[in-house]
Amino acid sequence: MDGFESEKDHQMIVQMIQDTIVKFEFKTIKGRQLLKIRQNNLLSKTFGSSSFFTKDEIHQLFGNP
């Protein structure tokens, strides 16, 4: 959730188990800080991407930290 506090666009990359990488991309679009989540499986060469989420939507999905 700390990623929403920065005013600059940035990303955080997390190495998960067994060749999976998750990228959290924070962007400011029209004055709103948003998050897009991308997942890459290096072994199977597959990937997925979410739509952009606001901080409130992340709270609704995952609850309070």
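Here is how the numbers come out for the structure above:
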{"item": "Single residue of the stretch 3-30 satisfying the filter (more than 15 Å from Phe47 (Cβ to Cβ) and touching a helix residue (DSSP H, G or I) at 6+ places or on another chain (Cβ under 8 Å)) that is surrounded by the most Cβ atoms within 10 Å (Cβ to Cβ)", "result": "Phe26"}
{"item": "Matching residues in the stretch 1-48 - criterion: being of a type in the set (A, V, I, L, M, F, W, C), part of a strand (DSSP E or B) and in contact (Cβ under 8 Å) with a residue 12 or more places away in the chain", "result": "Met12, Ile21, Val22, Phe24, Phe26, Ile29, Leu34, Leu35, Ile37"}
{"item": "Within the stretch 45-59, considering residues that are surrounded by 10 or more Cβ atoms within 10 Å (Cβ to Cβ) and among the polar types (S, T, N, Q), the one farthest from the chain's Cα centre (by Cα)", "result": "Thr46"}
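Every number in this text was worked out from the coordinates using simple rules, so none of it is lab data. No experiment lies behind these values; they were computed from the predicted model shown. Here the Cβ is made from the backbone with ideal geometry for all residues, glycine too, and neighbour counts use every protein chain on show.
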